[in-house]
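First up is the structure itself, then whatever we jot down about it.
Laboratory data are not the source of any read-out in this text; all were calculated from the coordinates shown. These figures come from a predicted structure and were not determined experimentally. Positions of Cβ are generated from backbone atoms using ideal geometry, with glycine treated the same way; all protein chains shown enter the neighbour counts.
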Amino acid sequence: MKKILAFGASNSKNSINKTLAHYTAKLFEDFEITLADLNDYELPLFSVDLEKEIGHPKAAVNFSKLLESNDGLIISLAEHNSNVSAAFKNLEDWVSRLEGPTWKNKNTFLLSTSNGKRGGASVMNIALSIFPYRGATIIAHFSLPSYSQNFSIEKGIIQPELKLQYLEQLNKFKASLLEK
């Protein structure tokens, strides 16, 4: 059975990106799903000096192993000041110091959402340009604008045109995992 890791790239306890990632993962009924929370991988602020002093923190090693043990990744990117969240960037920095590429060459479905009309488009553009260099095989991506107006936990994406775009990307990602 294929395995998928899904998480929101935010340490907010009420992250709409975590909700979107977890909702998306649950649509993969014939897959083994792991739902992660960045709060379970809290790390000190990365610096090379601290790395020399303490080595690689257990949380970074555990997250790297979690990435490695899955066939695909669903990551919903929170946008903080047009970039990824500090918690996500810090985790990525620590994991990048371990063996192999950060994202382990895994097929990846990138999502983003916000309550703004652009739906995290700035962070998505950054991720689309940088993630492949860090070992992500981006298969699909989707940004959901105006989250509170366009998403319901019970129904998912409400607006028909957005739902169609989302499902096209989701099916593309699903097909890529089934081909492996």
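Normalised by the residues of segment 98-180, what does the relative contact order come to in percent, with Cα pairs under 8 Å and at least six apart?
Once divided by the residue count of segment 98-180, the mean separation gives 33 percent.
Based on the Cβ-Cβ distance of GLN149 and ALA121, what FRET efficiency does E = 1/(1 + (r/R0)^6) give at R0 = 22 Å, to the nearest 0.05? Between GLN149 and ALA121 the formula returns 0.85.
Extension gain for the segment ASN105 to SER69, taken as residue separation times 0.36 nm less the Cα-Cα distance, is 11.8 nm to one decimal.
A Cβ-based charge dipole, computed about the Cα centre of the chain with Lys and Arg at +1 and Asp and Glu at -1, lands at about 300 debye.
Entry note, the chain: the mean residue ellipticity at 222 nm calculated from DSSP H runs of n ≥ 4, each adding -39500 (n - 2.57), is -12000 deg cm²/dmol after division by the residues and rounding to the nearest 500. Taking label positions 7 Å along the Cα-Cβ direction at both MET1 and GLU161, the computed distance is 3.9 nm, reported to one decimal. Note on the chain: Cα-Cα pairs beyond 26 Å make up 25% of the total pair count. A simple spin-label model places pseudo-atoms 7 Å from Cα toward Cβ; at LEU128 and ARG97 they are separated by 3.2 nm.
Within 15 Å, Cβ to Cβ, of GLY72, how many net charges do the neighbouring residues add up to if Lys/Arg are +1 and Asp/Glu are -1?
+2
Working from label points 7 Å from Cα in the Cα-to-Cβ sense, the ASN81 to LEU50 distance is 1.7 nm.
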